[in-house]
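What follows is a single structure, written as structure tokens, with notes after it.
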Amino acid sequence: MVNILNPKLLDLRVCAGEASDFSDVEKVATPQATEQWQPVSHDGLVKDFRSAIANTPNLDIVQEHHTLHRYGQRYFGLFQVKGIARKHDAEVGTIFGLRNSHDKSSRAMVCAGDAPFVCTNMIFNNEIVLGRKHTTHIMRDLPSLLGRAIGQLCDSWITSEKRIDSYKSTEIDDRIAHDLIVRGFRNGACSKTQVTDIVNQWHAPQHEDFEGRDLWSLSNAFTNVYRGNLTNTAKRSASLHSVLDTYANSRTPKVAEVINAS
């Protein structure tokens, strides 16, 4: 655990919607287990995650945001963490996401991503790092799985830093931006109905920080449209990275070698 004074806070409501108090999360009853299905309590998953963070050197949670859906059957949690010195930590914050369900709609999941402080548009660095089915021994295995996942995610930030540098150094014009937006759509990085909004964000960014004509601004045009849909953000982040990384790497071969080696 680290001692953090006056951390910069992200607006996690932008990523996950209306907040639920953690006391409400603790009140959600966990369904009766069966031989094949072993549901995890929402609050138990959170507490195990907190313990895993507490056991990770130089890492601490600075704020939490909990959301319940479907009368408590589904849980989403966002946790802003701080403590690891990152090159871009003055402009980008780190968020962990937790997901759990009692209606068999999803596995117990943890993933992590970045969000610019100026707008809290979230994009995941890894789609699903831990995706554990609710089967026998999940409660026994969960703490060690969370610990390993957090370690892997911390390592992935090296790639994230290089990606941000690569995007910021890759200038594009409107023609290329439009082409990449179409490629993003065809690759699953956005829906058909979101294409127009992304084009509008590119031409008239909501925040002056993204007025630069480069891949960093284009990526934030996408994520500005993602806001409020945590379920699809991880999946679409992976699709967007595959498109923008491919273009950046084609323009700067040395960056491709660095990212692929990480």
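Only the coordinates and a few stated rules stand behind these numbers; no lab work does. Nothing here was measured: the structure is a model prediction, and the numbers come from that model. Virtual Cβ from ideal backbone geometry, glycine too; neighbours counted across all protein chains shown.
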Next on the checklist: If you filter segment 13-100 for trypsin sites (Lys or Arg not before Pro), then keep DSSP loop positions with at most 15 other Cβ within 10 Å, what is left?
Outcome noted: 70, 87
Item to check | segment 30-103 - Rg and Dmax from Cα coordinates, angstrom | outcome: 15.0, 49
Item to check | Cross-link pairs beyond the 18 Å C-alpha cut-off, checked among 87/162; 8/162; 192/235 | outcome: 8/162
